[in-house]
1. With a sphere of radius 10 Å drawn around the Cβ of Val564, what net charge do the other residues whose Cβ falls strictly inside it have (Lys, Arg +1; Asp, Glu -1)?
2. With the Cα gyration tensor of the chain giving a ≥ b ≥ c as the square roots of its eigenvalues, does the rule (a/c under 1.5 for rounded; else a/b larger than b/c for prolate; else oblate) give rounded, prolate or oblate?
3. In what sequence do Ser524, Ser806, Ser323 fall when counting other Cβ within 10 Å, fewest first?
4. Which of Glu1001, Glu705 comes first, and how do the rest follow, when ranked by fewest Cβ neighbours within 10 Å?
5. Cut-off under 29 Å on the C-alpha distance; same-chain residues fewer than 8 positions from Lys283 excluded. Which lysines are left, in chain and number order?
6. Using a Cα distance threshold of under 26 Å, what count of lysine pairs results for segment 431-633 when pairs must be 8 or more residues apart or interchain?
7. Calculate the dipole size of segment 528-633 relative to its Cα centre from +1 charges on Lys and Arg beta carbons and -1 charges on Asp and Glu beta carbons; express the result in debye to the nearest 20.
8. Just the number, please: percent antiparallel of the DSSP beta bridges in the chain, rounded to the nearest 5.
Amino acid sequence: MRRVSLQLMTTLGFLAPGITFSQTAGAPIYPSADAEYQKNWGVPMINALPAYLKGYTGKGIIVAVVDTGLDVNHPEFQGRISSALRNFGKDKAEDDVSHGIDKADGSIDGHGTHVAGIIGAARNGTGMQGVAYESTILPLRAIDVESSVDGEADEAAIDYAVQQGAKVINGSYGPDTLNKNIPDPTKPGEYKENPNWKELTYQPIWSSPESLTHTFETLKNAVDNDVVLVFAAGNEYEDQPQASSIPGGNGMLPLILPVNTANGVYKFVSNATEDDFDMNDPKTYKFISPDDSAVKDLDFSELSGAVIAVVAVDKNGKITNYSNHCGAMYEWCLAAPGGDTDNGPEGGINSTWPLGDAKNNNNPYQSDEGTSMASPHVAGAAAVVRSAFPYFTAQQTIETLLTTTTTLGEKEIYGMGLLNLGNAINGPGTFRYKGVFDVDTQGYSSVWSNSISGEGDLTKRGQGVLTLTGNNTYTGGTSVVGGTLGIEGNTAGSVSVSERGVLAGAGVVGTVTLSNGGTISPGSTLDATKVLSALKVAGDLIQGAGSSYLAQIADDGRSDLIDVSGKATISDTAAVVIQPDAGSKLELNRRYTLLTAAGGVDGRYGSVMKPDTLFVNMNLVYDARNMFLDLARSSTAFEDVADTHNQRTTGRAIENLGSDNQLYQNVLFLSGDQARNAFDQLSGEAHASIHAGLIEDSHFLRDTENERLRDAFGTSSSRPTSSLSYRSNGNDQVPEVPGEVTLWGKGFGAWSRINGNDNAASLRRNTGGFFLGGDRLVGQSWRLGVMAGYSHTSVRVRDRNASGSSDNFHLGLYVGTSQGAWRLRSGLGYTWHRIKTDRSVAFGSFSDKLSSRYDAGTFQAFGELGYRLETRVAAIEPYANLSYVRFKADRFTEDGGAAALTNHAKANSNTYTTIGLRATSEFALGKVDAQVHGGIGWRHAFGRVYPKADFSFGDQPSFNVQGVPIARNAAVLEAGLDMKIGKTSTLGIAYQGQFGSGAREHSLQARLALRF
């Protein structure tokens, strides 16, 4: 502040919207302390570098600067000035916060810009930087060019700052005093000795009780809204050495108490606004009696803990010759760099200055001194601390700044010591008073690494993890009622845990008492290598009713441990919660030591809450001083938890592998639901289901043979294979004679789904391909033909994380005859399959990727008998079909890990009967002969409809699994259109669908037939 009259008020920061549940820190910066950091020597003096290295820069915090204004065009503030800036003076527009011009010499009054730069000048590679260089500055102009303060203006500015969400307010103004030197009216700009000067032994208060009370109410409103208030202590020491030991201004308001009023620590001047008053002549002072009702009961103690007063020190850490002392305010007062230009301009604080000040040689930076320069160092530090600990209240922020200082000397001079930001971002240093650090961490996780002393206490509330790493000696006790408190160092006092609180860590605590809802959970909250470790209790452990012990165990025998130096007393309604360490594969016949007490164990835990491990018993075992956990195999077999055939056979097969097997060990500690899921994945049912899909697709080959025979004999057709060259009523047909060959081709595509059941998961498949064939008449009524083809099938069993494909190569032989109205059709076929599969298995901590390549074959035969009925509009053919299909896969072993299966070649055979009705009608489509055809049938599958496969894990005995079921009953729908495109050629398209219980298939087909 100016050495004449201004005092500095600090600003508060606030938590910006959008900050989520993690301790606010940017990327680590400052690989070294560079010139920009060093330019204002006050920044390194307060040890700011450690904060920056952790990424704490005040980002997201609004700091209100109640002062003479701000040069908003200065490059150090670009992009970080709040749009809510406002002028509360009477000489400018409301949105004009620019500085005034000193009438005496024409210079710009740059006090506010200088203060704001110390708080938050940018780190932009030029000039200097502020303490909180990523904070947001809210400039509020309330001081005029002659450095006089309008009481209404500054109080309105503070109220406005609170409304705008500021959480730090900096004030660089305060009362003047009785000066040794006064202006010489005969020599403008010069001073003379004050003939009426004398040294005051008290601190005069110039404000009326009413005005002072209004100021208190303004500050109290800021306190109630969680704002940190920072004020300069004043620069009156040279003029009033004794009086300045009780600094004036807003920083002293918490000192105004009835007892201090009665003892004359300060005096209320009654005539400060009257004509007969002269501040520089103490003979004109009139005082209000301490017993006067207007002052005797004034009590501003509610501001205690919400205000910081700041004195100024020089480069050497010595109190400056102008700065007031902390005096009776030492409990809320500290020292910060304020500068001392008596030792040259380098002794001042270098900061920003308004642009275009000719009296300053247009230099955008200037060196100055005063407690006005000390206060913004503290305000900037408050913003940084609030960005480091977003859950801190204003009082907790203030206490952290005050109790992490560097000791300089007498408290009456330096208060709590020199501001040390590097210490403050490590949390509080002392719990001075009870109830202050009742902390709601609000979901944030943070670390306090200072060694905390004092008579105060700590209460941890809210979600999030708070970790203490220091050697803590505070005596007020610790309570955990929400979230997790981690002790990584030594906390000597007693700890109570209740409600939803958790005590964790790998350090040392005093006596621990857990009550209903409280949990103790040893293990480091910081070091991942010490997640399973011991929490030492240097006292007794009292595990009360409704509390719990969360114990982690690992497969290598490590576990959490409560190591009690005294006695462990356990309620029979307390519980142990067993939690295997992430990724651990626990083993049978392990013993874990969970609790040891040198003074003995009294009582037993009433229950053990453990994972739903049906296959393992977890039993607590006690002796006089210890509690152990033993793991042993239960009587529940793997197959006992199965709900389906596949789960049962797979579970039995895994059990037969023995306890040394990897699969056995990974299944052993699963819950019932997890085990059933594991068995489904391990069963390999996807292979059997894929076989089911290929069996279903076999109908494309025999249907193609059948439709070609229907077409060749001119019967009613439901396929696009009719050449229309056999119509008996056409005059343009070329009759076929024995020996002529008809060549044909067909393409098709189909998509289908077979729904799963309780045993097997749903199968989706897509198939596309083509057939080529040729046939000829043999004699007058028999037709013999051959065909071949290729198709590709892709399948997916989503719920088993399996997929596959098959390249299918087809060969067929068909023969049929027409005897009057009777039609007999038959055929044989064989398909070679080249199958590829991929599937993944993942459960618990086990995972495996599996693949296979193997061959399979499908043989089939069919016979169909139909009877043709001619009507005026259509030909109708009722029919009956009998088909046989046999599928067999070669033996194969999957590529993969422990879950790889070996398939033992097993055949699946199915017999189908279909009865139905087909109809066709011929018509002219322009000049083109055409026919439309359709059909409906009912297909029934005999015998077993669940394809089976025999598998084994390696060379172990095989087990049987079933795939998704083939539809036992299905409706078959057919529709199509054929067109004669030449005397001996036909083109057709058709649709076929099959609809059974849980099964759907749709296919589209196109065919061309040519006769030679």
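Quick note: the coordinates plus some simple rules give every number you see, no bench work behind them. None of these values were measured; they are calculated from a predicted model. Here Cβ is always computed from backbone atoms with ideal geometry, including for glycine, and neighbour counts include all displayed protein chains.
1. Working: positive: Lys536, Lys567, Arg625; negative: Asp540, Asp563.
Neighbourhood net charge equals +1.
2. prolate
3. Ordered from fewest to most neighbouring Cβ atoms within 10 Å, Ser524, Ser806, Ser323 come out as Ser524, Ser806, Ser323.
4. Values: Glu1001 22, Glu705 28.
Ordered by Cβ neighbours within 10 Å, fewest first: Glu1001, Glu705.
5. Within reach: Lys180, Lys187, Lys192, Lys198, Lys267, Lys296.
6. Taking segment 431-633 as the scope, the lysine pair count is 12.
7. 100
8. 70
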